[in-house]
Amino acid sequence: MLSEITVAHLSTLTYRADAVMKVCWLPLSGIYWEDELPDMGDLRSMPEEDVHQILRLFGTRVRIWRGEALSDESQMFWDEMRAQVRAWAFFQRLTLSADHQRAQTEAEQASTVVHEALLADVDEVTIRERDGVQSVSATFDLTKDQGAPRKARPWWQRIFRRNGADVSLS
């Protein structure tokens with residue numbers, strides 16, 4: 001169950017047909033609409049467990065979009081959350097148009113590229129999964145290779161270069 005503060009925030013996010021679709025590489029790895037997610041300040045004010053539940057809902061919705069059957073536990077979770085915040089715009093988009101499906105697939109692929117680039121030089125990584133939500137912890141040894149030359153481009157430039165765009169800040 002979500003806390004009262006989270007239910008209050010989510011209940012204000014009502015469906016708008018003109019809401020803009022957006023892409024989120026981290027943490028959602030997919031598409032969402034601007035009327036579905038609280039702004040970052042509101043999200044940070046919510047209890048961590050509630051944010052975890054919201055992320056779990058987004059993951060569950062992707063499975064629904066794919067036509068995957070939900071486990072009994074996932075279906076019960078979905079139904080409970082839906083009953084708790086019935087007016088939330090998030091629950092109004094349970095099917096995707098062909099264009100939105102294409103955007104979702106592209107967002108998932110781009111998210112994979114981002115994750116790979118972020119973790120390319122990691123010395124130790126730990127991935128935990130709880131209720132379908134993954135948490136990634138990465139450790140970088142900044143003291144290794146102190147005498148070695150630095151890479152030509154930082155990670156964020158390598159990400160965009162892989163996708164065909166050459167990014168420069170000059």
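The values are calculated or read from the model by the stated rules, or taken from the named source; none is laboratory data. Everything quoted here is computed from the prediction, not taken from an experiment. Glycine also receives a Cβ, built like all others from the backbone with ideal geometry; neighbour counts cover every protein chain displayed.
Every condition in (1) within 17 Å of the chain's Cα centre (by Cα); (2) of a type outside the set (Phe, Trp, Tyr); (3) surrounded by fewer than 17 Cβ atoms within 10 Å (Cβ to Cβ) is met by residue 62 except one, and the failing one is (3). Residues considered: 128, 86. Of these, the only one that is among the charged types (D, E, K, R), farther than 19 Å from residue 20 by Cβ, outside any helix (DSSP H, G or I) and not assigned by TED's automatic domain parsing to the domain that holds residue 145 is 86.
Of the numbered criteria (1) closer than 25 Å to residue 110 by Cβ; (2) in a loop (DSSP other than H, G, I, E, B); (3) at pLDDT 95 or above, the one residue 57 fails is (2). Of everything in the range 109-125 that is under 30 Å from residue 19 (Cα atoms) and out of contact with any Ser or Thr (no Cβ under 6 Å at 6 or more places or on another chain), the residue that is surrounded by the most Cβ atoms within 10 Å (Cβ to Cβ) is 114. Cβ-Cβ distance below 9 Å, separation of 6 or more or different chains: which pairs start in the range 14-25 with a residue that is in contact (Cβ under 8 Å) with a residue 60 or more places away in the chain and end on one that is among the basic types (Lys, Arg) and surrounded by 14 or more Cβ atoms within 10 Å (Cβ to Cβ)? Pairs that qualify, where the first residue is in contact (Cβ under 8 Å) with a residue 60 or more places away in the chain and the partner is among the basic types (Lys, Arg) and surrounded by 14 or more Cβ atoms within 10 Å (Cβ to Cβ), are 15/93. Looking across the range 2-54 at every residue that is outside any helix (DSSP H, G or I) and basic (Lys, Arg), the one that is nearest to residue 136 (Cα to Cα) is identified as 22.
For (1) at pLDDT 95 or above; (2) under 17 Å from the mean Cα position of the chain (by Cα), each residue gets a yes or a no:
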residue	(1), (2)
81	yes, no
85	yes, no
100	yes, yes
138	no, no
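Could you tell me whether any residue of the range 61-70 is over 23 Å from residue 110 (Cβ atoms), in the same structural domain as residue 90 (by TED's automatic domain parsing) and modelled with pLDDT of 95 or more?
Scanning the range 61-70 turns up at least one residue that is over 23 Å from residue 110 (Cβ atoms), in the same structural domain as residue 90 (by TED's automatic domain parsing) and modelled with pLDDT of 95 or more.
Of all residues in the range 31-48, those that are surrounded by 12 or more Cβ atoms within 10 Å (Cβ to Cβ) and either at pLDDT 95 or above or under 21 Å from residue 80 (Cβ atoms) (or both) total 11.
Count, please, the residues in the range 95-129 that happen to be touching a Cys at 6+ places or on another chain (Cβ under 9 Å) and among the aliphatic types (A, V, I, L, M).
Here is the first cut: in the range 95-129, the residues touching a Cys at 6+ places or on another chain (Cβ under 9 Å) are 107, 111.
With the extra rule that they be among the aliphatic types (A, V, I, L, M), the set shrinks to 107.
Counting residues in the range 95-129 that are touching a Cys at 6+ places or on another chain (Cβ under 9 Å) and among the aliphatic types (A, V, I, L, M) gives 1.
With respect to the conditions (1) under 12 Å from the mean Cα position of the chain (by Cα); (2) crowded, with 19+ Cβ neighbours inside 10 Å, residue 9 falls short on a single one, namely (1).
Mind checking which residues of the range 65-83 are surrounded by fewer than 18 Cβ atoms within 10 Å (Cβ to Cβ) and of a type in the set (Ser, Thr, Tyr)? Residue satisfying the conditions is 71 alone.
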